[in-house]
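Here's the structure, in structure tokens; my notes come after.
The values are calculated or read from the model by the stated rules, or taken from the named source; none is laboratory data. Everything numeric in this text was worked out from a predicted model, so none of it was measured. Positions of Cβ are generated from backbone atoms using ideal geometry, with glycine treated the same way; all protein chains shown enter the neighbour counts. Note: areas computed on protein heavy atoms with side chains; ligands, DNA, RNA excluded. Shrake-Rupley method; radii C 1.70, N 1.55, O 1.52, S 1.80 Å.
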Amino acid sequence: MTSARDEILANIRRSLGVTGREAPRIAAVDERIERAPRGVVPKRGQLPPEERVTLFKAMAEAAQATVEAVPSAADVPAAVAAYLRRHNLPATLRRGADARLAAMPWGETALEISVGPSDGHDLNGVSHAFAGVAESGTLVLVSCEDNPTTLNFLPDNHIVVVSAKDVIGDYEEVWSRVRFKEGKGLMPRTVNMITGPSRSGDIEQVLLLGAHGPRRLHIVVVDE
Amino acid sequence: MTLVATSPKFKENAARALADAQLQKALGNVRVGFIEKRLKAAERLPEFEALRDSARDIKNHTLAHLDLYLERYEKAVTAAGGHVHFARTAEEARDVIAAICTRLQAKTVTKGKSMIAEEIGLNAHLEALGMEPVETDLGEYIIQLRNEPPSHIIAPAVHLTKEQVAEDFRRVHTGLDKSRDLSEPVTLLGEARQVLRRRFLEADVGITGANFLVAETGTSIIVTNEGNGDLTQTLPKAHIVLASLEKLVPTLEDVSQILRVLARSATGQDMSVYTTFSTGPRRPGDPDGPGEYHVVLIDNGRSAMLGTSFQDMLRCIRCGACMNHCPVYHAVGGHAYGWVYPGPMGAVLTPTLIGVDKAGHLPNASTFCGRCESVCPVRIPLPKMMRHWREREFERHLTPATVRSGMAFWGYFARHPRLYGLATSLAMHGLALMGRAKGRFRWLPGASGWTKHRDFPAPQGATFQERWRKERRTRRAS
């Protein structure tokens, strides 16, 4: 008996009128994967660094995220504490073991910090982004030992720290950086592109924030 | 939901839909929202049209090399610690999924929105095996409570009003305060969030669809606004991805091209809120994520579409723009189409999947206005393909006798141009004379299908061809 796999491949080849062994076809596929050509990249994000960050903020705000900038990483804890106070939220915060977050002076605030993945009972979470994409105000977060994916979805209020130097123009630049970090053809287990807080328009097409993921998304851009 | 197609009864379905006041009220939301949002998003991006060409070319290239990209994809998934299962039919796909769930002794299975899961009738199968499938997309959750199929591929509950949803929540969420206020969408959303949060945390297996599969890296991609797909795939022991063969694209760069047209065409967003790239299961040291990662690659008729006049349909990225812009969909909604996929894309796809004998009405349910093709992000020639189906239907003698004899009657005149000219001239001048007083007819013999619903305007006198000849003579003379 032929396996489902072999029969499906055989059917595709019969329909396309090919054998699967044609050298030019194989070369075309190898070449495309190897070279990964960029297609049409919008001019919108092709800006000098400072204007890129400005566009990133504007686009993120258009997607109902809130954005603030702080001069240095050392200023993040105070900014986060102030944000939570402003919104009348409890002074609790969960974060991953990320070294950049761990190095911040959380002890200088009154925040009660816990570390590790969320079990669904955390109101507030903070993550560090891998990058920000200016063309659409999109955050890019990658999973690893120090960055739990659950923190991106379970807490009601998600705060994301991103370095200004990691705010790039387009998605294509994200993949260059991922390949540089992971190697060609390799990906982190999860890459989350996040553009604004969770929402749904499923009831009478009325757009409402906070469907299953975070109700609020606050971005802290570190300028240094 | 039921998988029994009611597509053969399209005419009855449509008549019922037109008379359904509640449905007509709900459909009003489609007519206003989507069209303007898409237009604005497209206008904000100068490269939008070029990106549509790019998306079309990527899909065409992938389909022409689909066998090779599938092999590359399979290799990459396996290298990342995932498993690829091939399924020829809906039944094979259901069996593969059931085997994984059974082995993991699953009781609760959460689900992200997946049209292929609807296509293979997955929920009924899991229920029959004693498992509880829980839809987590808000729209899908609502229609699951009502035991209905989705009426739109990205807005499954678009046919319902908030009053209907409130009624269902009161019926099903019995543990809650009976006097609670459910009059606004925001309270309904809050209640669904609270109920489903518990289900996410207790689920044993999470099943999602895939918007794309990347051959380069073995990555599956889901695009959502709610975040339900992410909670579905991150929290349980295993993540099962369901995808039909044509979801494949070569590289991450290629996906980025198509993502730029997907959300803009669907909801008018620059990007959907969550675009998630998943590659394999939880890795050593990872603090969370699924322990197992499976992909079920489903053919179910796709490989047979390659190399035919319907191959272009395999470019479809399921954005819903064609139905959002379709006057027929606006009038009758999605359920009238009688199977999983409604609107213009459904009118083309459904006959290939369940047969033109059952779904022949669907490609006829078109005014051929061409709006679907004009907004399709991957430029699928939907009207042309609907015409292909009409031709096949005619060739296979599935067209009703009245239509066939009418066509034969018209065909005779069309082949005899002088006779055609004479007959139409007589008819038009005659009608113009008879209708001169009122300028319209309330009834015409043989045209009651028209005059039952609206007046027939009286012709001005000359036929189009007569006027054309006259205009040409005048222009030449001047």
| Solvent-accessible area, 1.4 Å probe, carbon plus sulfur percent, for the protein assembly as shown | 55
| So how tilted is helix B:464-477 from the main axis of chain B? Cα-based, degrees 0 to 90, rounded to 10. | 70
| task | Just the number, please: percent antiparallel of the DSSP beta bridges in the protein assembly as shown, rounded to the nearest 5. | result | 35
| task | Calculate one ³J(HN,Hα) per residue across the stretch B:6-22 by plugging θ = phi - 60° into the Karplus curve 6.51 cos²θ - 1.76 cosθ + 1.60, and present them in order as whole Hz with x for glycine and proline. | result | 9, 4, x, 9, 3, 4, 5, 4, 5, 4, 5, 4, 5, 8, 8, 4, 5
| Where in the stretch A:131-198 are there trypsin sites (Lys or Arg not before Pro) that are in a DSSP coil and have at most 13 other Cβ atoms within 10 angstrom of their Cβ? | A:LYS184
| request: Please identify every one of the chymotrypsin sites (Phe, Trp or Tyr not before Pro) in the stretch B:327-374 that sits in a loop by DSSP and has no more than 16 other beta carbons within 10 Å of its own beta carbon. | output: B:PHE368
| In whole Å, how far is the Cα centre of the stretch B:192-224 from that of the stretch B:19-40? | 28
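Find the Rg to Rh ratio for the stretch A:25-179, where Rh is the Kirkwood radius over alpha-carbon pairs and Rg uses the same atoms.
On the way: Rg = 17.7 Å, Rh = 17.0 Å.
The Rg/Rh ratio comes out at 1.04.
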| field | Positions from the stretch A:186-210 whose accessible area shrinks by 40 Å² or more when the full protein complex is built, not the chain alone, probe 1.4 Å | value | A:MET187, A:ARG189, A:MET193, A:THR195, A:ARG199, A:ASP202, A:ILE203, A:GLU204, A:GLN205, A:LEU208
| said: Please report the spacing between the Cα centers of the stretch A:1-53 and the stretch A:140-209 in Å, no decimals. | reply: 24
| Going out from 0 in 5 Å bins, what whole percent of all Cα-Cα distances in the stretch B:1-81 drops into each bin? | 3, 10, 9, 10, 10, 10, 14, 17, 11, 5, 1, 0
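Add -39500 (n - 2.57) for each DSSP H run of 4 or more in the protein assembly as shown, then divide by its residues: what number comes out at 222 nm, to the nearest 500 deg cm²/dmol?
On the way: 30 runs with 319 residues, N = 702.
That calculation yields -13500 deg cm²/dmol at 222 nm.
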| remark: Interface A-B: total buried accessible area (1.4 Å probe, Å², nearest 100) of 7500
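Using a 1.4 Å probe, what is the accessible area per residue for the stretch B:7-304, in Å²?
Values: 9730 Å² over 298 residues.
Here the residues of the stretch B:7-304 average 33 Å² of exposed surface.
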| Using a simple charge model, +1 on the beta-carbon of Lys and Arg, -1 on the beta-carbon of Asp and Glu, nothing else, what dipole does the stretch B:381-431 show about its Cα centre, in debye to the nearest 20? | 120
| query | Which cysteines does chain B leave without a neighbouring Cys Cβ under 4.7 Å? | reply | B:CYS101, B:CYS316, B:CYS319, B:CYS326, B:CYS369, B:CYS376
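Counting Lys and Arg as +1 and Asp and Glu as -1, each charge on the Cβ, what is the dipole of the stretch B:7-304 about the Cα centre in debye, to the nearest 20?
Values: 37 positive and 42 negative charges, 99 e Å.
Here the stretch B:7-304 has a charge dipole of around 480 debye.
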| What residue among A:THR109, A:THR66, A:THR195 shows peak mean-square fluctuation when chain A is described by a Gaussian network model with Cα springs under 10 Å? | A:THR109
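Out of every Cα-Cα pair in chain B, what percent are more than 37 Å apart?
Details: 39521 of 114003 pairs.
Percentage above 37 Å: 35.
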| request: For the protein assembly as shown, build the charge dipole from Cβ charges (+1 Lys, Arg; -1 Asp, Glu) around the Cα centre, then report which of B:ILE221, B:GLN24, B:LEU129 sits farthest towards its positive end. | output: B:GLN24
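Place a +1 charge on the Cβ of each Lys and Arg in the protein assembly as shown and a -1 charge on the Cβ of each Asp and Glu, then give the dipole magnitude about the Cα centre in debye, rounded to the nearest 20. Intermediate values should be presented prior to the final figure.
Details: 89 positive and 80 negative charges, 818 e Å.
With Lys and Arg at +1 and Asp and Glu at -1, about 3920 debye.
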| remark: Working note, the protein assembly as shown: Cα radius of gyration (Å, one decimal) and Dmax (Å, whole number) are 27.7, 95
| field | Cβ-based charge dipole, the protein assembly as shown, positive-most Cα from A:ALA110, A:SER3, B:ALA447 | value | B:ALA447
| For B:HIS85, which sequence-distant residues (separation of 5 or more, or a different chain) have an amide H within less than 5 Å of its own amide H, given hydrogens modelled in the peptide plane? | B:VAL295, B:VAL296, B:LEU297
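Send over a whole-number figure in Å² for the accessible area per residue of the stretch A:67-224, probe 1.4 Å. The partial results should precede the final answer.
Details: 5200 Å² over 158 residues.
Per residue, the stretch A:67-224 has 33 Å² of solvent-accessible surface.
Just to confirm the filter: which chymotrypsin sites (Phe, Trp or Tyr not before Pro) across the stretch B:374-478 are DSSP coil and have at most 14 other Cβ within 10 angstrom of their Cβ?
On the way: sites: B:TRP389, B:PHE394, B:PHE409, B:TRP410, B:TYR412, B:PHE413, B:TYR420, B:PHE441, B:TRP443, B:TRP450, B:PHE464, B:TRP468; in loops: B:TRP443.
Qualifying residues, ordered by number: B:TRP443.
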| note | If one compares the long axis through the Cα atoms of helix B:48-64 with the longest principal axis of the Cα atoms of chain B, the angle in degrees, nearest 10, works out at 70
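Sort largest first and round to whole Å: the equivalent ellipsoid semi-axes of the stretch B:402-477, each the square root of five times a Cα gyration tensor eigenvalue. Please report the intermediate quantities before stating the final value.
Working: eigenvalues 122, 82, 17 Å².
Working from the Cα gyration tensor, I get semi-axes of 25, 20, 9 Å.
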| message | With a 10 Å cut-off between alpha carbons and a GNM built on chain A, which of A:ALA60, A:ALA110, A:ALA131 moves the most? | response | A:ALA110
| Taking Cα centroids, how far is the stretch B:244-294 from the stretch B:82-118 in Å? | 19
| query | Taking the Cα centre of the protein assembly as shown as the origin and placing charges on Cβ (Lys, Arg +1; Asp, Glu -1), which of A:VAL222, B:VAL261, B:ASN211 is farthest toward the positive end of the dipole? | reply | B:VAL261
